[in-house]
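J.: Quick one: structure below, then a few questions.
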Amino acid sequence: MILNRRRFLGTAAAGAALLSSPMALGQKRPRVVIVGGGAGGATAARYIAKDSKGAIEVILIEPSRTYYTCFFSNLAIGGFQPMSNLAHSYGKLASEYSVTVVHDWASAVDREKKEVRLAGGDAISYDRLVLSPGIDFIKDSIEGWDVTAQTKMPHAYKAGTQTQLLKAQIEAMPEGGTFAMVAPPNPYRCPPGPYERISMVAHVLKQRNPTAKILILDPKEKFSKQGLFMEGWETHYPGMVDWLTDEFTGGVQRVDPNTMEVVMEDETVKADVVNVIPPMQAGSIAQQAGLTNEKLVPDRSGNTAKPDG
Ligand SMILES: Cc1cc2nc3c(=O)[nH]c(=O)nc-3n(C[C@H](O)[C@H](O)[C@H](O)COP(=O)(O)OP(=O)(O)OC[C@H]3O[C@@H](n4cnc5c(N)ncnc54)[C@H](O)[C@@H]3O)c2cc1C
């Protein structure tokens, strides 16, 4: 979410203060527009509508009719959760909390006019705006990979069909095959996420394909809960997981989704499954609205820096 908690509570309090006067005067209700119906946006919509007891009009803009949570998506890959447990619809927000859910993309925010424009052509005005668009991948940050490549080299870092595809690819790996993950640089969504995923992949392969190998090609020198993860991999999947930083590989230079190769400075790996988790940043509508700081670019230590250093 783009609003921090303090600012949001301030906004909500200001909204509450607005309530008595316009309502008493028979004026229109103040309106909060929320862009993005993920965990952040949908939670904000629910609680603004619920706590204001309908005194604030809440409009949620979200293109999808079904939201698949990233939480539990690694467990789905491991076979511990059915995909259906990740799926949520927006019906209750409308029926129980009177949130108006508009299924469309917000294409632009006009902060002067206090208006959100939709890809479908409409515009919705707001008194307060919450932007909660999640993440987008940084374009052209990995040579050879773009959204068209995700059907061959899935990221599975936005859940749903990507999760299903990655799971199917892992289950179809040839005996003794190779799973390679191109891990993301900092900062990125859910720091333990890639390594939880490795644990789930190892769990599946241990049962179905115990001679398979897992490579983590990582720009970072260390990662979240590293000691615990590495101890677990060594205990439960000895010899299966190799974590290789740029110091060993020279760094990922490019990928080729047609040949399923990952080209690094010092070697090229051909894998059966390549899970590319690209560098990421706040969703593009937040950038368009001028609410993000300078674009960050990954450096070779796995951290990110401003373009000038
Ligand atoms: C593999 C993985 C595992 C994770 N596990 C956990 C966990 O166990 N626990 C935990 O707390 N967190 C976990 N996370 C992190 C968690 O998923 C995120 O923190 C959370 O999804 C963020 O919610 P959000 O609403 O900000 O973004 P999202 O959930 O990404 O939702 C953003 C929504 O905005 C919509 N949107 C984007 N742009 C626009 C636009 N222009 N117009 C309209 N709508 C738009 C999108 O369609 C999307 O529905 C995990 C993440 C991953 C990747």
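J.: Once every DSSP H run of n ≥ 4 in the chain is given -39500 (n - 2.57) and the sum is divided by its residues, what mean residue ellipticity at 222 nm do you get, rounded to the nearest 500 deg cm²/dmol? Before the final figure, lay out the partial values.
T.: Values: 9 runs with 92 residues, N = 309.
It comes out at -9000 deg cm²/dmol, rounded to the nearest 500.
J.: Using per-residue counts of other Cβ atoms within 10 Å, averaged over each peptide, order 226-235, 29-38 from highest down.
T.: Numbers: 226-235: 13.4, 29-38: 23.5.
My ranking of the peptides, most packed first, is 29-38, 226-235.
J.: Provide the net charge surrounding HIS155, with neighbours chosen by a C-beta distance below 14 Å and charges set as Lys +1, Arg +1, Asp -1, Glu -1.
T.: Working: positive: LYS139, LYS152, LYS158, LYS167, ARG189, ARG197; negative: ASP136, ASP146.
Local charge sum for HIS155: +4.
J.: Now, a different point. Quickly rank 94-107, 125-138 as a protection proxy: mean count of other C-beta atoms within 10 Å, highest first. Write down the numbers at each step before the final one.
T.: On the way: 94-107: 16.0, 125-138: 20.3.
Highest mean packing first, the order is 125-138, 94-107.
J.: Tell me, how many Å apart are the Cα centres for segment 24-69 and for segment 174-208?
T.: Spelled out, the Cα-based centre of one part sits 36 Å from the other.
J.: Let me ask something else about it. State whether segment 137-280 is rounded, prolate or oblate according to the following rule on the C-alpha gyration tensor (a ≥ b ≥ c being the square roots of its eigenvalues): a/c under 1.5 gives rounded; otherwise a/b larger than b/c gives prolate, and the remaining case gives oblate. Present the calculation step by step, with values, prior to reporting the outcome.
T.: Details: a/c = 1.32, a/b = 1.16, b/c = 1.14.
Since a/c stays below 1.5, the shape of segment 137-280 is classed as rounded.
J.: Hey, another quick one. Quick one: accessible area per residue over the chain, 1.4 Å probe, rounded to a whole number of Å²?
T.: Details: 15880 Å² over 309 residues.
Here the per-residue accessible area is 51 Å².
J.: Could you tally the net charge around PRO174, taking each other residue with its Cβ under 15 Å from the Cβ of PRO174, Lys/Arg +1 and Asp/Glu -1? Walk me through the numbers on the way to the answer.
T.: On the way: positive: ARG208, LYS213, LYS270; negative: GLU171, GLU175, ASP272.
Charge balance near PRO174 sits at 0.
J.: From the phi angles alone, apply the Karplus equation (6.51, -1.76, 1.60; θ = phi - 60°) to segment 62-77 and give each ³J(HN,Hα) in whole Hz, x where the residue is Gly or Pro.
T.: 8, x, 8, 8, 10, 9, 9, 6, 6, 4, 6, 5, 5, 5, 5, 4
J.: With 20 Å as the limit, write out which pairs from LYS50/LYS92; LYS225/LYS270; LYS158/LYS225 have Cα-Cα distances beyond it, or answer none. Could you put the intermediate results ahead of the total?
T.: Numbers: LYS50/LYS92 12 Å; LYS225/LYS270 28 Å; LYS158/LYS225 22 Å.
Pairs exceeding 20 Å: LYS225/LYS270; LYS158/LYS225.
J.: Place the peptides 244-251, 179-186 in order of packing, highest mean first, counting for every residue the other Cβ atoms within 10 Å and averaging per peptide.
T.: Numbers: 244-251: 16.4, 179-186: 24.4.
Ranked from most to least packed, the peptides come out as 179-186, 244-251.
J.: Also: If we count every other residue with Cβ under 12 angstrom of ASP272's Cβ, Lys/Arg +1 and Asp/Glu -1, where does the sum land? Present the calculation step by step, with values, prior to reporting the outcome.
T.: On the way: positive: LYS152, LYS213, LYS270; negative: GLU171, GLU175, GLU261.
Here the charged neighbours net out to 0.
J.: With a 1.4 Å probe and all protein chains left in place, how much of the accessible area of the chain comes from carbon and sulfur atoms, in whole percent?
T.: Carbon and sulfur together cover 51 percent of it.
J.: Restrict the search to segment 152-243; then list the trypsin sites (Lys or Arg not before Pro) that DSSP places in a loop and that have at most 14 other Cβ atoms within 10 Å of their Cβ. Numbers along the way, then the final one.
T.: On the way: sites: LYS152, LYS158, LYS167, ARG189, ARG197, LYS206, ARG208, LYS213, LYS220, LYS222, LYS225; in loops: LYS152, LYS158, ARG189, LYS220, LYS222, LYS225.
For trypsin sites (Lys or Arg not before Pro) across segment 152-243 that sit outside H, G, I, E and B with at most 14 neighbouring Cβ atoms in 10 Å, the list reads ARG189, LYS222, LYS225.
J.: Now a separate question. Relative to the first principal axis of the alpha-carbon coordinates of the chain, what is the inclination of helix 39-51, with its axis defined by its Cα atoms, in degrees from 0 to 90 and to the nearest 10?
T.: Approximately 20 degrees, to the nearest 10.
The values are calculated or read from the model by the stated rules, or taken from the named source; none is laboratory data. As the structure is a computational prediction, the values presented were derived from the model and not from experiment. Every residue, glycine among them, receives a Cβ derived from its backbone with ideal geometry; neighbour counts consider all protein chains shown. With ligands, DNA and RNA removed, areas are computed over all heavy atoms of the protein, side chains included. Shrake-Rupley method; radii C 1.70, N 1.55, O 1.52, S 1.80 Å.
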